[in-house]
Structure formats: structure tokens, C-alpha cells
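Report on the following structure.
The values are calculated or read from the model by the stated rules, or taken from the named source; none is laboratory data. Predicted model, so just to flag it, every value in this text is computed and none were measured. Because the Cβ atoms are built from the backbone with ideal geometry, glycine has one as well, and the counts that use them run over all protein chains shown. Ligands, DNA and RNA are stripped out before the accessible areas are found, and what is left, the full protein with its side chains, is counted by its heavy atoms. Shrake-Rupley method; radii C 1.70, N 1.55, O 1.52, S 1.80 Å.
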Amino acid sequence: MRLTSRRGMVRAATLVTAVALPLALAAPAATAGTAAPAATGVSDVLAEALAHMVKGKNVKKHLDALQSIADANGGNRAVGTPGYEASLAYVRDKVTRAGYKVSTTDVEFPIKWEEFSPSVLQQVSPEAKTYANPTDFVTVTPSGGGDVTAQIQVVDPVIPPAPVPNTSTAGCESSDFAGFVPGRIALIQRGTCAFIDKALNAKAAGAAGVIFFNEGQPGRTDPFEFDIREWRFGFPVVIASTAVGLDLADSPGTVVHLKVDAKTTVGHAKNLIAESRNGAAGEVVMAGAHLDGVPEGPGINDNGSGSAAILETALKMAHLPTKNRLRFAWWAGEELGLLGSDQYVAGLSQAERDRIRLYLNFDMVASPNDVTFLYDGDDSDAEGAGPGPDGSAGIEKVFERYYGKRGLPFKGTDFDGRSDYGAFIANGIPSGGIFTGAEGIKTAEEAARFGGTAGAPYDPCYHDVCDNITNINAAALDRNAKAIGYATARYAYDLTGVPDRNAAALARSAAAPARIPARGAAS
Ligand SMILES: [Zn+2]
């Protein structure tokens, strides 16, 4: 261990000497907003140097460590388990010794949800009546507990229901809640968007509870049980039949009594953040990977591979005088719904978000039957989600350049929301990264271009007990870890093609009228 770290230092110092001169002579200008992402000569040299320094065999050593951690902790590294804590301790130790500024941020995750007695829904006025559980309505899992008597406010319904299902956009836009009186119970029709979006909009509008009702077409009139996959509402949520929904919507000012007797037990975990001490603090180049696995197995490809690859990149970049600040993140609770990255981004101020110039995501980079998928920043595939925020197309091109120069194949993959870039994209932060495939099936065309087995999954051990150290594709690990080093270094020295949201924010605040609150004034 000691020998490895000394060698790392020496190699880094050698590189610094080699590049110090050209850097000083030709510090690359960070021109913003251009579509041309081609690296300048200098940053490309630096990027290639990192590609050379990051080696699959060293990444593999981190994977061996993660496998040992899983072996010693019941076979997995899932969030909330000692295997996760030990994984975090392993990475923390490495980045601390390498000289990074290391911190953690809190992540909450749901452990269990219990309902102690059947929920209650009654109309108090204008007519006193009690609706029947479960024929008229049921509790939504995992509803918050609460006992509320309040006026109903109907949110943008289609009444009478349209003949075609998924017509109502009730509650899908926050504008549906314009004029919503905080403290009321939102009555929201089923329809085009996810229930969770409706409920989150209701929460933002200050609702004290939510009553969904089925949309009203044949086959879509009864209440039904479902999991909304969000526990942080803190208010009761039920779903009623169309008949009850229409009954409640019938007269303005209807008052109901809604009671859910339930509790969610919440667990706590940590994201690990390592930030370099070099480079401009306002120009943060961020790379992240989720460190947690599923309970079913050791999670070595998903996502020991991404975690280990950014760790090795961090170690090799630790002593470089980068122009921009480096920040690496190992996320908790990705497998439970992107919790670590979502809560991290939500916890940042707008000014802190503006300092993150781009986010690179690595989730599964060594699949056994791999394809080199690059997140489709420019939406050239025109599939699923649209393009990423401005600058995402350039990130895709930087990766394409790495593979293209080596004559290696690659193809786009949609930003489908299945990994930790989601919160970054949603906040306008350009994103990109590599993904070698999960449970999806390799096509004949892909097998012809990338090798491997057509008709078989990219990772046959995805979320399974066999996602162990033998599930790692060594060639893919080496190739893609180098690409990670390449792209990270490129942006560490050169933000060409990445719009300067920082400057945009400064311009916004300069344009805004000055507001100097009087001392002691209430805000
Ligand atoms: Zn994953």
C-alpha cells in the first residue's frame, strides 16, 4: 500500500513537470457557449496523460477491496448495511490520504412503512357521510400519517371524465396549483402524469393532504393500491373511486375528514464528497458514481466499477495543478431511487449549483457483454428524453473523441433517468458519461460492432448475487476507466463548450434591483 502511494506521487510529480511549461505559456481560455467542444492541443495532451495513468489493473484493485467488503458483510454493500459503511470508509481513506478535502452529506432513505389501522375518509359538509375503505378509497403506500379536517380544493379536473384514458393533466403542472390555499386537501384526478408528480406539486403548494381519484373511463373507476415511491410528503395520501371524487368535487367548499394511521421508518446514510485543493473554486468539474449496491449481491459491476474508476482517476489527479476545481462524489441510495444525488443537489444553494460547470456520471462501466454507451447529450438518437442541458452535447463529443481516436466503437444512450445525473440535468447542469449496459439485450448489430453475444443481456448478473468480481469485463474496465480519466482531465483544464452558468447568474443578480432589507426587518 505504501509503495503504491509513493509511486503515485512520483508519477504525478513527473507529469506536473512535463506539463507546467505549456500550461503557463498557453493556459486554455474557457470560452463559453460555443458548440465546438474540440479540446485545445494542451488540454488534449493532459487528457491523454490521464488516460495513460489510469489503468484497469489498478481500478481492479479497488474492486477486489469492494468484493472483500461484501464478503465480510453478508454478501452485499446495500445502503443501510455495514457493507455500505465499509465501502465508504475504504474510499474515504484513499481520497483523504491523497490530499482531497473530504466531506459527507446526509442521505435519508425509507426502511419500512407500517399502517396501524385502516384509513378514514368522511365528508363533513355539506353532507355528513363516511366513505368505505377499501371499496370507496384506499391508502397510498407509503402515505404520511395524519389526521386532517379541511376544505377540499379540486385541482384542474376533467369533469365529466373524457372518453379516452390518460386525458386529465390534473396536478401535473405547478401552475395547476395557482390559487391553491395552503392547508386545504388537494383533490386530484388520475391522468397523464405520475402520481408522484401530482403529489409533489401539491406539497409545494402547501396541501395538508391529497385525495386522488380514478380518472373515470371503463376499467378506471375503482380505487387501487399502489406505491408512490416517495415517503417525504408528511401528509396523508389516499386514492378514491371516480364516484367519490366526483361526489367531493360536486359542491364548492366541501369539507372532509382524512385520517391515515401510518409511519415510515427512515434510515440515514452518507454521500462521500472529495474536492481538490487546486483550481478555481467557482469552476467545479464534478464526477460521480453510486457506491451502494442492491441487497441481492456484492454489486461489483453495478456499481463498484464506476466507483472504483472515479476513485482511481481521483488518486491519479490528486497532485495536479488543475485549472478548475475537481469534485468527486460517491452516492448513497441510488438503488432506492437516486436518493443520494437527489438530496445532494436539493441541498445546494442556487449559487453552489451554478458553480458546478458539469457533471460526469459513471454507473456500470465494465459489463461482461458490454456496449460503450455514451449518454446522448445532443439527442442525436432522438429517443426518449430530449437533449441534456447546454454543454451536454459537448461532453458526449469529448468521449466520442477519446474512443474515435482509438478506432473504438460507441453509441448513444438516452438520458432515461435511471442514474444519478437526473438531479443535475433537472437543474440545468450539463451532464454526460459512459454506461456499458445492464439487463438490456444486446442486438445483432451491437454484437457485430462491439463483439460479445447477441440476444444475451449486457450484464446477465445485473442486480443478482453473481455480480461479483468475476462479473467484470477487464478490457472494458481498462478502456472505460481511461476514458473517464481522459474526460475528467480535459474538463479540469478546459471548459470549452460548457456554458458559463456562473456568469449568467452574476448577470441576473446584477440586473435585479438591489434589495437591502432594513436591519431586523422580517423577510
Ligand atoms: Zn447502478
**Message:** Looking only at the range 426-444, how many residues end up being away from the ligand (no atom under 16 Å from the Cβ) and either crowded, with 24+ Cβ neighbours inside 10 Å or over 25 Å from residue 339 (Cβ atoms) (or both)?
**Reply:** 7
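Yes or no, residue by residue, for (1) of a type in the set (D, E, K, R); (2) under 33 Å from the mean Cα position of the chain (by Cα):
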site	(1), (2)
99	no, yes
102	no, yes
121	no, no
127	yes, no
136	yes, no
148	no, no
154	no, yes
157	no, yes
165	no, yes
**Request:** Select from the range 391-412 the residues that are surrounded by fewer than 22 Cβ atoms within 10 Å (Cβ to Cβ), of a type outside the set (Phe, Trp, Tyr) and either touching a residue at least 24 places away in the same chain (Cβ under 8 Å) or not in a helix (DSSP H, G or I) (or both) and list them in ascending order.
**Result:** 393, 397, 400, 401, 406, 407, 408, 409, 411, 412
**Fill in**
Across (1) crowded, with 24+ Cβ neighbours inside 10 Å; (2) over 15 Å from the mean Cα position of the chain (by Cα), residue 340 clears everything bar (2)
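Kindly provide the set of residues from the range 418-444 that are under 30 Å from residue 283 (Cβ atoms), part of a helix (DSSP H, G or I) and of a type outside the set (Phe, Trp, Tyr), ordered by number.
In the first step, residues of the range 418-444 are kept if they are under 30 Å from residue 283 (Cβ atoms); the result is 418-436.
Checking the rest, the ones that are also part of a helix (DSSP H, G or I) come to 422-426.
Of everything in the range 418-444, those that are under 30 Å from residue 283 (Cβ atoms), part of a helix (DSSP H, G or I) and of a type outside the set (Phe, Trp, Tyr) turn out to be 422, 423, 425, 426.
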**Request:** Filter the strands (runs of 3 or more DSSP E) completely within the range 309-380 down to those with at least 3 residues that are in contact (Cβ under 8 Å) with a residue 12 or more places away in the chain and either within 16 Å of the ligand (Cβ to nearest atom) or not aliphatic (A, V, I, L, M) (or both).
**Result:** 324-331, 356-362
**Item:** The one condition in (1) closer than 26 Å to residue 55 by Cα; (2) open to solvent by less than 10 Å² (accessible area, probe 1.4 Å) that residue 318 fails to fulfil
**Value:** (2)
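This table checks each residue for (1) closer than 20 Å to residue 226 by Cβ; (2) among the small types (Gly, Ala, Ser); (3) part of a strand (DSSP E or B).
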{"site": "112", "(1), (2), (3)": "yes, no, yes"}
{"site": "119", "(1), (2), (3)": "yes, yes, yes"}
{"site": "135", "(1), (2), (3)": "yes, no, no"}
{"site": "144", "(1), (2), (3)": "yes, yes, no"}
{"site": "149", "(1), (2), (3)": "no, no, yes"}
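Yes or no: residue 453 β-branched (Val, Ile, Thr), outside any helix (DSSP H, G or I) and modelled with pLDDT of 95 or more? Break it down into steps so the answer makes sense when it comes.
Working: β-branched (Val, Ile, Thr): yes; outside any helix (DSSP H, G or I): yes; modelled with pLDDT of 95 or more: yes.
So residue 453 passes the test.
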**Asked** Any idea which of (1) in a loop (DSSP other than H, G, I, E, B); (2) open to solvent by less than 30 Å² (accessible area, probe 1.4 Å); (3) out of contact with any helix residue (DSSP H, G or I) (no Cβ under 8 Å at 6 or more places or on another chain) is the one residue 447 doesn't satisfy?
**Response** (1)
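Okay, residues lined up against (1) touching a Phe, Trp or Tyr at 6+ places or on another chain (Cβ under 6 Å); (2) in contact (Cβ under 8 Å) with a residue 60 or more places away in the chain; (3) open to solvent by less than 40 Å² (accessible area, probe 1.4 Å); (4) acidic (Asp, Glu):
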residue: 106; (1), (2), (3), (4): no, yes, no, yes
residue: 120; (1), (2), (3), (4): no, yes, no, no
residue: 137; (1), (2), (3), (4): yes, yes, yes, no
residue: 163; (1), (2), (3), (4): no, no, no, no
residue: 168; (1), (2), (3), (4): no, no, yes, no
residue: 172; (1), (2), (3), (4): no, no, yes, no
residue: 175; (1), (2), (3), (4): no, no, no, no
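Going by the conditions given, is residue 377 of a type outside the set (A, V, I, L, M, F, W, C), buried (at least 22 other Cβ atoms within 10 Å of the Cβ) and at pLDDT below 95? Lay out the reasoning, then the answer.
Numbers: of a type outside the set (A, V, I, L, M, F, W, C): yes; buried (at least 22 other Cβ atoms within 10 Å of the Cβ): yes; at pLDDT below 95: yes.
When the stated conditions are applied, residue 377 passes them.
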**Asked** For residue 158, which of the numbered conditions (1) assigned to a strand (DSSP E or B); (2) open to solvent by 40 Å² or more (accessible area, probe 1.4 Å) fails to hold?
**Response** (1)
**Asked** What number of residues within the range 34-63 are modelled with pLDDT of 95 or more and open to solvent by 60 Å² or more (accessible area, probe 1.4 Å)?
**Response** 4
**Prompt:** Which of the residues belonging to the range 286-297 are more than 13 Å from the ligand (Cβ to nearest atom) and open to solvent by less than 10 Å² (accessible area, probe 1.4 Å)?
**Reply:** 286, 287
**Message:** Go through (1) in a loop (DSSP other than H, G, I, E, B); (2) farther than 17 Å from residue 303 by Cα for residue 467 and report which single condition fails.
**Reply:** (2)
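Here is a yes/no grid of residues against (1) open to solvent by less than 10 Å² (accessible area, probe 1.4 Å); (2) touching a helix residue (DSSP H, G or I) at 6+ places or on another chain (Cβ under 7 Å); (3) touching a residue at least 12 places away in the same chain (Cβ under 8 Å):
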position	(1), (2), (3)
452	no, no, yes
455	no, no, yes
478	no, yes, yes
481	yes, yes, yes
490	yes, yes, yes
